[in-house]
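**Q** Below: one structure in structure tokens.
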Amino acid sequence: MAVDLHGVSTVLLPGTGSDDDYVYRAFSQALHSVGAVPIPHAPQPARLVPGYLEALEDAAREGPIAVAGVSLGAAVGVAWTIAHPGRVVAVLAALPAWTGPPHNAPAAQAARHSAHELRRDGLVAATARMRASSPAWLADELTRSWVGQWPDLPEAMEAAADYVAPTSGQLETLTVPMGVVSATDDPIHPLEVGVEWVAAAPYASLRTVSLAEFGHDPAVLGSACLAALADVGAGR
């Protein structure tokens with residue numbers, strides 16, 4: 001089930017609190033290497049998920065697309081693909097955070113906690129606390145993206161924390177190939193979720209990375225996603 005992405009518009013959907021700058025750096029290098037056309041989506045924090053869906057609809061008006069997303073972006077992209085068979089040729093899913101309802105998934109809990117602190121203490125104090133407890137690369141990324149999404153950022157985080165990702169049963173109906181990447185040491189995006197997604201989807205493969213690898217260079221995520229997608233085509 002090899003996929004040719006040459007000339008294919010590929011919508012890039014960022015994770016919660018992240019932005020189009022990061023998701024472009026994560027996927028564009030790998031996508032350009034195969035001739036795909038990356039289209040990064042700038043999140044609209046006051047209407048986070050509806051904005052993602054509009055971006056997908058707009059890109060698919062002229063023909064089938066590919067979808068690439070990180071965390072929440074991966075979940076929304078996969079759900080839209082399942083609901084619109086024939087409009088997507090491939091999915092690149094980096095760092096899926098949960099399967100089905102969020103319940104007490106670490107990423108959902110983290111988003112709710114950040115939303116609470118942002119509402120209670122304001123952007124400056126909450127950002128300072130985040131920087132003190134995060135790796136330097138992540139602190140720098142989120143400081144930039146949080147400022148860009150203020151003052152609607154808490155609303156976006158709450159919307160993300162309530163999002164119901166595809167269930168295993170729904171993933172079983174995914175008809176296009178999917179390359180999944182999970183981190184071996186990321187407590188917010190557990191490896192087990194990537195394993196669940198790949199076990200359920202009929203045409204999917206998993207590659208793993210470490211936090212240090214993609215923290216140093218986000219393009220590692222895109223390269224690993226394409227490698228996983230190639231594994232599907234090779235029957236691995």
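Each value in this text was obtained by applying a stated rule to the coordinates, not by laboratory testing. Quantities reported herein were computed from a predicted structural model and do not represent experimental measurements. Note that we place each Cβ from the backbone using ideal geometry, even for glycine, and neighbour counts take in every protein chain shown.
**Q** Under 5 Å between amide hydrogens, which residues at least 5 positions from G15 or on another chain qualify, with H placed 1.01 Å from N in the peptide plane?
**A** V70, G73
**Q** Could you tell me the relative contact order of region 23-77? Use alpha-carbon pairs under 8 Å, at least six residues apart, and round to a whole percent.
**A** Relative contact order for region 23-77 comes out at 29 percent.
**Q** In the chain, what % of DSSP beta bridges are antiparallel (nearest 5)?
**A** Around 0 percent of the beta bridges assigned by DSSP in the chain are antiparallel ones.
**Q** OK, next. Between S210, S133, S114, where does the largest GNM mean-square fluctuation fall for the chain, given springs only between Cα atoms within less than 10 Å?
**A** Most flexible of the set in this elastic network: S133.
**Q** So who's got an amide H within less than 5 Å of the one on S9, skipping anything under 5 residues away but keeping other chains? H placed 1.01 Å off N, in plane.
**A** It is V37, A66, by chain and number.
**Q** So what is the relative contact order of region 1-123, in percent, for Cα pairs below 8 Å that sit 6 or more residues apart?
**A** 25 percent
**Q** Follow-up question, since we're still on this one. Does anyone have the angle between helix 106-121 and the longest principal axis of the chain? Alpha-carbon axes, 0 to 90°, nearest 10?
**A** In the chain, helix 106-121 runs at an angle near 30 degrees to the longest axis.
**Q** Continuing with this model, one more query. Quote to one decimal, in nm, the extra length available between T184 and S210 on full extension: 0.36 nm per residue of separation minus the C-alpha distance between them.
**A** That pair, T184 and S210, stretches by 8.8 nm at full extension.
**Q** May I ask you to evaluate 6.51 cos²θ - 1.76 cosθ + 1.60, the Karplus curve with θ = phi - 60°, for each residue of region 28-45 and list the ³J(HN,Hα) values in order in whole Hz, giving x for glycine and proline?
**A** Those phi angles translate into 5, 4, 5, 5, 4, 5, 10, x, 6, 10, x, 10, x, 9, 7, x, 10, x Hz.
**Q** Working from Cα positions, state the angle (0 to 90°, nearest 10) between the long axis of helix 191-200 and the longest principal axis of the chain.
**A** 30 degrees
**Q** State, as an integer percentage, the relative contact order of the chain based on alpha-carbon contacts under 8 Å between residues 6 or more apart.
**A** Value for the chain: 25 percent.
**Q** When 1/r is averaged over all different Cα pairs and the result inverted, which Kirkwood radius in Å belongs to region 106-159?
**A** It is 11.0 Å.
**Q** Right, here's the next one. Using amide H atoms built in the peptide plane, which far-off residues or other-chain residues are under 5 Å from V209 H to H?
**A** Under 5 Å from the amide H of V209: S182, A183, T184.
**Q** Kindly write out, for region 69-85 in residue order, the coupling ³J(HN,Hα) from the Karplus curve 6.51 cos²θ - 1.76 cosθ + 1.60 (θ = phi - 60°), rounded to whole Hz, with x marking Gly and Pro.
**A** So the J values, rounded to whole Hz, are x, 10, 6, 4, x, 5, 5, 5, x, 5, 4, 5, 5, 4, 7, 10, x.
**Q** Residue farthest toward the positive end of the dipole of region 59-194, with Cβ of Lys/Arg at +1 and Asp/Glu at -1: which of L171, T184, A115?
**A** A115
**Q** If each residue of separation counts as 0.36 nm, what is the full-extension length gain between T167 and Q109 once their alpha-carbon separation is subtracted?
**A** Working it through step by step, the gained length comes to 19.0 nm.
**Q** How far apart, in nm, are the 7 Å Cα→Cβ label points at T175 and W150?
**A** 4.7 nm
**Q** Still on this structure, I have one more. To the nearest 10 degrees, how steep is helix 48-59 against the longest Cα principal axis of the chain, on a 0 to 90 scale?
**A** 30 degrees
**Q** Taking the beta-carbon count within 10 Å as an exposure proxy, list D19, D231 from fewest neighbours to most.
**A** D231, D19
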